Amino acid sequence: MPFAITDDEVSLCYKVQGDGPAIVFAHEFAADHTSWDAQVAHFSDRFKCIVYNARGYPPSTVPESVGSYSQSRAVKDLLAVMDHAGVDKAHIVGLSMGGFAALMMGLHHPNRCLSVCSAGIGYGAELDRRDKFREEAQASAAFIRDNGVPAFADKYMSGPTRIPFLRLDREAFNAFRDTMAGFSAVGLANTQLGVQRERPSLYDLKAELSQYTVPALIVNGDEDWPCLAPGLMLKQVIPTAGLVIYPNCGHTINLERPKELNQSLDQLFGQVEAGSWPRRDPASMIDSITGMSPTNMNTNKSCE
């Protein structure tokens, strides 16, 4: 696998398969680049698929300092991979931690994005949940340091939003957990402290997100409880956003619903290529239930 070198001299391993318009896949906290295998297999006959391991996930470099990990750094790392792979613009697809990086790519680097898909995004975003999320990130890092990654993987993967995956396919779930158990303790702890704990709340970014210009797809599982309200908020705020919710699905969307996710991405990419991905009409957001509010009535106006 080739390595992209960042401006702070971190090496990021990545893999390229296929040719055509580029798709870059960014993984979640509990996974690495292999979690996107079903997507690469589906799209690599038509697209240039790029997967990579975030910093802290071997064989990418594992910086020892927490200060080397941040949400803004995660976006810079994604750009570094694109630059090293010779990709000017790409469809950016991310799950959870990677989904946040994907969303920020569209916000801060729209000229590098063909589209953005952010799946399973929103953990700890709600303002009344911020302190609890930060406390849990701190506790996770301490548990990793004190007990090791295998014990942490067992505990982390028993969380409520992982139960649907276990229920769906115990063998695949166990394989996913075992992969996580082999990750770097330093990398996981520092990612919790630098990236997860310190990332901004999506609710604090509403004003910026309302100016979003990149075609965006928000994807959630209906049993991924921490992401449902933030996902709906993103749909309401981002004028270029579509929203997909898969039934009886938890957080590990790309493994629980690979075919459905691939279909949703096919639709997104196809509409973007055709120039038909819509921007929401502001008239659909008036403060009325049926459109018959007296303050919104205009007998001379009709839909065209």
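Enumerate the calculated ³J(HN,Hα) couplings along the range 42-57 in order (Karplus 6.51 cos²θ - 1.76 cosθ + 1.60, θ = phi - 60°), each rounded to whole Hz, writing x wherever the residue is Gly or Pro.
The phi angles translate into 6, 9, 6, 7, 10, 10, 8, 8, 10, 10, 8, 9, 5, 4, x, 10 Hz.
Mind checking which lysines have their Cα closer than 23 Å to the Cα of Lys76? Skip sequence neighbours fewer than 8 apart in that chain.
Leaving aside lysines fewer than 8 places away in the same chain, those within reach of Lys76 are Lys15, Lys48, Lys89, Lys206.
Once amide H atoms are built 1.01 Å from N in the peptide plane, which residues 5 or more positions from Val116, or in another chain, come under 5 Å H to H?
The list, which skips near neighbours in sequence, is Ile92, Ala216, Leu217.
For every helix of n ≥ 4 consecutive DSSP H residues, a contribution of -39,500 (n - 2.57) applies; sum these over the chain, divide by its total residues, and give [θ] at 222 nm rounded to the nearest 500 deg cm²/dmol.
It lands at -12000 deg cm²/dmol.
Given 0.36 nm per residue, what is the gain on full extension from Met285 to Glu135 after removing their alpha carbon distance, in nm?
50.4 nm
If you rank Cys49, Cys113 by fewest surrounding Cβ atoms within 10 Å, what's the result?
Fewest-to-most Cβ neighbours within 10 Å comes out as Cys113, Cys49.
When Val75, Val24, Val51 are ordered from fewest to most other Cβ atoms inside 10 Å of their Cβ, what list results?
Val75, Val51, Val24
Amide H of Gly221: which non-local residues (sequence gap of 5 or more, or other chain) have their own amide H closer than 5 Å, using H built in the peptide plane?
Residues meeting the criterion, in which the H sits 1.01 Å from N, are Gly120, Tyr246.
Calculate the FRET efficiency for Glu9 and Ser44 from the Cβ-Cβ distance with a Förster distance of 45 Å, rounded to the nearest 0.05.
That pair, Glu9 with Ser44, gives E of 0.90.
Pull out the extension gain between Leu243 and Lys206, defined as 0.36 nm times the separation in residues minus the alpha carbon to alpha carbon distance; nm, one decimal.
So the extension gain works out to 11.7 nm.
If packing is taken as the average number of other Cβ atoms within 10 Å across a peptide's residues, how do 188-201, 238-251, 212-225, 160-173 rank, most packed first?
Result, highest mean first: 212-225, 188-201, 238-251, 160-173.
What is the distance in Å between the Cα centres of the range 95-155 and the range 169-183?
When both Cα centres are located, 19 Å separates them.
Quick one: what does P(r) look like for the chain with 20 Å bins over all Cα pairs, in whole %?
The calculated distribution, bin by bin, is 34, 57, 9, 1.
Where a number appears in this text, it was derived from the coordinates with a stated rule and is not lab data. Note that the coordinates shown come from a computational prediction; the quantities given were computed from them, not determined experimentally. FYI the Cβ positions are ideal-geometry reconstructions off the backbone, even for glycines, and counts take in every protein chain you see.
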